[in-house]
Amino acid sequence: MRKTDEQRGDWKEWRRRRAWELSEQGWNQKEIAEALGVTQGAVSQWMNMGREQGEEGLRGKIAQGPQPRLSAEQMVQLPPLLDQGAEAHGFGGAVWTTQRVAVLIKKQFGVSYHPAHMSRLLKQIKYSVQQPIERASQRDEQAIATWKEQRWPELKKSPARGQNDRLR
């Protein structure tokens, strides 16, 4: 019969509970530490938790993670601000980059985020990260179009059969 995850439990929790059992059987902290392969300091912390909170204090806990910097209300306010466009908030060009979103949040809500985190925050509100298309200011669109129409087809053509033979 296979044990479920609930029956199997967390091995670290098992170790804390075993330390508690050994302590109740009269073992000292040094002996418990040696038997379980941990430091005396760890055993001491477990015993303090057990005394203060009972066996419940020895259970495994899921880390909560950091509290969000933006409130739920601010997260609701963000999409309409983004919908106004980057130019409406003083940026050149209509593209929202992660750096621009970080600046907007700092200006509007007084909350600082690293630009690298913005992609995760944008995903939460169902927005995608945009990348600006950087083009040279001296770019000649007409020359590019002419090259694509006239020169590129010439370059794309495969060489004549006789020319391939020379390469072998």
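When residues in the range 92-102 are screened for being out of contact with any Ser or Thr (no Cβ under 8 Å at 6 or more places or on another chain) and touching a residue at least 12 places away in the same chain (Cβ under 8 Å), 7 of them pass.
Can you tell me which residue within the range 67-100, out of those that are of a type in the set (A, V, I, L, M) and in a helix (DSSP H, G or I), is most open to solvent (accessible area, probe 1.4 Å)? Step by step, filter the range 67-100, then rank; the result is VAL76.
When each of LEU70, LEU81, LEU58 is tested for being farther than 16 Å from ILE125 by Cα, in contact (Cβ under 8 Å) with a residue 24 or more places away in the chain and of a type in the set (A, V, I, L, M, F, W, C), the lone residue that passes is LEU58. Screening the range 154-168 for residues that are in a helix (DSSP H, G or I) and either of a type in the set (A, V, I, L, M) or at pLDDT 85 or above (or both) and picking the one that is most open to solvent (accessible area, probe 1.4 Å) gives LEU167.
Just name the residue that is modelled with the highest pLDDT out of those in the range 38-94 that are among the acidic types (Asp, Glu) and under 30 Å from TRP14 (Cα atoms). If we take residues in the range 38-94 being among the acidic types (Asp, Glu) and under 30 Å from TRP14 (Cα atoms), then GLU52 is modelled with the highest pLDDT. Whether a residue is among the aliphatic types (A, V, I, L, M), outside any helix (DSSP H, G or I) and open to solvent by less than 60 Å² (accessible area, probe 1.4 Å) was assessed, and VAL43 does not pass this test. Residue count for the range 101-142, restricted to those that are part of a helix (DSSP H, G or I) and either modelled with pLDDT under 85 or open to solvent by 50 Å² or more (accessible area, probe 1.4 Å) (or both): 11. Say whether the condition of being surrounded by 13 or more Cβ atoms within 10 Å (Cβ to Cβ) and acidic (Asp, Glu) is met by at least one residue in the range 13-33. Yes. The set of residues in the range 46-66 being of a type in the set (Asp, Glu) and surrounded by 11 or more Cβ atoms within 10 Å (Cβ to Cβ) consists of GLU55 alone.
The values are calculated or read from the model by the stated rules, or taken from the named source; none is laboratory data. Just so we're clear, the structure is a prediction, and the values are computed from it rather than from any experiment. Ideal geometry is used to build each Cβ from the backbone, glycine not excepted, and the neighbour counts take in all protein chains shown. Keep in mind that these areas ignore ligands, DNA and RNA; they rest on the heavy atoms of the full protein, side chains included. Shrake-Rupley method; radii C 1.70, N 1.55, O 1.52, S 1.80 Å.
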